[in-house]
1. Mind listing whichever residues of the range 59-70 are surrounded by fewer than 23 Cβ atoms within 10 Å (Cβ to Cβ) and either assigned to a strand (DSSP E or B) or touching a residue at least 12 places away in the same chain (Cβ under 8 Å) (or both)?
2. Which of the residues belonging to the range 15-37 are part of a helix (DSSP H, G or I), farther than 16 Å from residue 57 by Cβ and in contact (Cβ under 8 Å) with a residue 60 or more places away in the chain?
3. Can you tell me which condition residue 144 does not meet? The list is (1) more than 24 Å from residue 31 (Cβ to Cβ); (2) away from the ligand (no atom under 16 Å from the Cβ); (3) modelled with pLDDT of 95 or more, and all the others hold.
4. Answer yes or no as to whether residue 33 is crowded, with 18+ Cβ neighbours inside 10 Å and out of contact with any strand residue (DSSP E or B) (no Cβ under 7 Å at 6 or more places or on another chain).
5. Output yes when any residue across the range 155-174 is assigned to a helix (DSSP H, G or I) and modelled with pLDDT of 80 or more, and no when none is.
6. What about residue 46, is it in contact with a helix residue (DSSP H, G or I) (Cβ under 8 Å, 6 or more places away or on another chain), within 8 Å of the ligand (Cβ to nearest atom) and touching a residue at least 60 places away in the same chain (Cβ under 8 Å)?
7. For the range 47-58, how many residues are touching a strand residue (DSSP E or B) at 6+ places or on another chain (Cβ under 8 Å) and either surrounded by 24 or more Cβ atoms within 10 Å (Cβ to Cβ) or not in a helix (DSSP H, G or I) (or both)?
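The values are calculated or read from the model by the stated rules, or taken from the named source; none is laboratory data. Here the structure is a predicted model, which means the values were calculated and not measured. Here Cβ is always computed from backbone atoms with ideal geometry, including for glycine, and neighbour counts include all displayed protein chains.
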Ligand SMILES: C[S@@+](CC[C@H](N)C(=O)[O-])C[C@H]1O[C@@H](n2cnc3c(N)ncnc32)[C@H](O)[C@@H]1O
């Protein structure tokens with residue numbers, strides 16, 4: 001059975017279908033194997049695909065009606081959900097409690113899309129993914145998802161496999177997760193240097209204009225020391 005066989009509206013009490021794209025549902029059907037350990041934030045047709053492929057799956061959604069609709073539809077079309085653990089919670093509340101070992105094969109981040117939820121989901125699920133595991137982030141055309149993709153592209157622990165139809169990023173984890181300080185994150189450094197340099201120049205000029213040379217010299221020495229420290 002394929003995802004097209006259970007074409008129903010699972011969200012907003014059955015009024016809307018916020019489904020992932022057909023390309024991603026197809027990717028899941030091709031790549032999720034029986035017994036894989038998987039997790040997704042947000043729920044819907046993707047949850048049914050994970051279950052139908054035989055994954056040992058964890059799914060997080062604050063909506064009890066989504067869970068009920070998914071269970072009912074799965075029963076109707078004959079998908080076994082006994083290996084699916086449903087968390088009726090906001091991901092930012094439950095993930096810190098269930099975060100554990102590096103043993104997940106696939107993670108899909110498609111829950112809350114407002115800032116900072118995709119980043120929070122990433123912070124807790126990225127360490128749970130095993131090396132070689134795949135991380136899918138949906139709706140990276142939204143700034144909150146794009147920010148995450150931009151950052152991950154500069155980090156050595158992630159290999160971008162593709163961005164499917166400009167909407168869903170697929171990464172492979174190649175090394176253990178590291179939460180770095182900004183000076184060690186190439187994307188943050190690159191995106192910050194113009195505003196940082198501008199601020200320093202403006203502040204320096206303001207001091208010179210008030211003829212506060214002593215303070216300007218002190219500030220300049222401090223900034224030089226800081227830049228040196230950041231480089232080292
Ligand atoms: C775009 S839909 C997910 C669609 C699903 N992946 C599919 O293909 O059918 C977004 C989901 O995130 C859930 N959601 C919203 N805020 C959330 C949060 N803070 N934590 C977890 N899930 C959240 C919504 O209830 C909804 O299930």
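1. Here is the first cut: in the range 59-70, the residues surrounded by fewer than 23 Cβ atoms within 10 Å (Cβ to Cβ) are 62-65, 67-69.
The answer is 62, 63, 64, 65, 67, 69.
2. Just the residues of the range 15-37 that are part of a helix (DSSP H, G or I), to begin with: 22-31.
Okay, now just the ones that are also farther than 16 Å from residue 57 by Cβ, so 22-23, 26, 30.
Residue satisfying the conditions is 23 alone.
3. Of everything listed in (1) more than 24 Å from residue 31 (Cβ to Cβ); (2) away from the ligand (no atom under 16 Å from the Cβ); (3) modelled with pLDDT of 95 or more, residue 144 misses just condition (2).
4. On the way: crowded, with 18+ Cβ neighbours inside 10 Å: no; out of contact with any strand residue (DSSP E or B) (no Cβ under 7 Å at 6 or more places or on another chain): yes.
No: the conditions fail for residue 33.
5. Step one: list which residues in the range 155-174 are assigned to a helix (DSSP H, G or I), which gives none.
No: the range 155-174 contains no residue that is assigned to a helix (DSSP H, G or I) and modelled with pLDDT of 80 or more.
6. Values: in contact with a helix residue (DSSP H, G or I) (Cβ under 8 Å, 6 or more places away or on another chain): yes; within 8 Å of the ligand (Cβ to nearest atom): yes; touching a residue at least 60 places away in the same chain (Cβ under 8 Å): yes.
It is true that residue 46 is in contact with a helix residue (DSSP H, G or I) (Cβ under 8 Å, 6 or more places away or on another chain), within 8 Å of the ligand (Cβ to nearest atom) and touching a residue at least 60 places away in the same chain (Cβ under 8 Å).
7. Filtering the range 47-58 down to residues touching a strand residue (DSSP E or B) at 6+ places or on another chain (Cβ under 8 Å) leaves 47, 50-51, 55-58.
Pick out the ones that are also either surrounded by 24 or more Cβ atoms within 10 Å (Cβ to Cβ) or not in a helix (DSSP H, G or I) (or both) and you get 47, 50, 55-58.
Residues flagged as touching a strand residue (DSSP E or B) at 6+ places or on another chain (Cβ under 8 Å) and either surrounded by 24 or more Cβ atoms within 10 Å (Cβ to Cβ) or not in a helix (DSSP H, G or I) (or both) within the range 47-58 amount to 6.
One line per residue, one yes/no per condition, for (1) away from the ligand (no atom under 14 Å from the Cβ); (2) outside any helix (DSSP H, G or I):
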residue	(1), (2)
1	yes, yes
8	no, yes
13	no, no
39	no, yes
